[in-house]
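Here is the structure we will look at, set down as structure tokens.
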């Protein structure tokens, strides 16, 4: 079987004028990881300092001309803009990079989702998000076509305009069909969730920034061999449910693994995966898994909290699970515990299986207190 081709990628980015070169490069670390997960390799990057993106081409005209030449010389397959492109910007950039794939950050994340979706629900949600992302581009193309035909006479419709109208109708029809299928699957998931609640088993839900170690923790807690735990972004798209035994409470609890969070995710993508995150919204306890070996762990905690707020989960009980204690450098747990005392932080290592019994005792303690409060 032939190996898939590695996509030769050109990155385009803008930063504020006061940003240092080092900070500008640091901004691209996560993007590079996303590109690698999508099956690409960064050949070249162009970073421009400017106050705001160009309304037409994101980067300035001169930089885009330079990037276009580089794309030809370096045999670039994929041009990625580190931001969210407006439909008008897409159109102008497609002219600047003919015969090249052009993605913004949303396209890149969707490309990764495509690789990792296994359930029917996740596949439909990705397809719906992609179609919703494409619709505004069609309106921009139609506006451009109408402008170009402005001198052709009143009441005339060119073949390009008719084709765009047909494409828009087709996409709208697909969206309706997919939405119906998703609603059917959501009702099934909801019924399953209500049955679990009726059975009286408490549920803990694993949340956290992507690649923090949620799937590894899920694997250890539930002893599931089929849980994928790779060092890659977005390996979990489908909610996985398992069980774990809490000796201190003498009870079994359900454990749900959810999709990893990431910065700058458009609301359409969050809403598309709302079903996957329903387990978090209905859990008795959220285990917020944090990679404390990451120098930017504080910013990533903030990203997760902001998304939880969008989901209406900000007031739910949370336990901060500080993973990768074995490789964390210059991490002061006392300072961390003081700053996040309300979330009862605990240190663990999934790699070395350290402190997992202590974690279970903490979970038992929190769930027992919640049960007493509800009694």
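Key figures for this structure:
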{"item": "Test: residue in segment 42-60 that is outside the structural domain of residue 262 (by TED's automatic domain parsing), in a helix (DSSP H, G or I) and modelled with pLDDT under 95", "result": "no"}
{"item": "Residue within segment 57-69 that is crowded, with 16+ Cβ neighbours inside 10 Å, within 18 Å of residue 110 (Cα to Cα) and touching a strand residue (DSSP E or B) at 6+ places or on another chain (Cβ under 6 Å) present", "result": "no"}
{"item": "Qualifying helices (runs of 4 or more DSSP H) (wholly inside segment 275-375; at least 3 residues being under 22 Å from residue 247 (Cα atoms))", "result": "356-374"}
{"item": "Matching entry among 318, 298, 329 (being in the same structural domain as residue 204 (by TED's automatic domain parsing) and touching a strand residue (DSSP E or B) at 6+ places or on another chain (Cβ under 7 Å))", "result": "318"}
{"item": "For residue 173: the one exception among (1) loosely packed, with under 15 Cβ neighbours inside 10 Å; (2) at pLDDT below 90", "result": "(2)"}
{"item": "Boolean, residue 232 is surrounded by fewer than 20 Cβ atoms within 10 Å (Cβ to Cβ), modelled with pLDDT under 75 and in contact with a helix residue (DSSP H, G or I) (Cβ under 8 Å, 6 or more places away or on another chain)", "result": "yes"}
{"item": "Test set (1) at negative phi; (2) in contact with a helix residue (DSSP H, G or I) (Cβ under 9 Å, 6 or more places away or on another chain); (3) surrounded by fewer than 21 Cβ atoms within 10 Å (Cβ to Cβ) - residue 121 fails condition number", "result": "(3)"}
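The values are calculated or read from the model by the stated rules, or taken from the named source; none is laboratory data. Being a predicted model, the structure only gives us computed values, none of them experimental. Methodologically, a virtual Cβ is constructed for each residue, glycine included, from the backbone with ideal geometry; neighbour enumeration extends over all protein chains shown.
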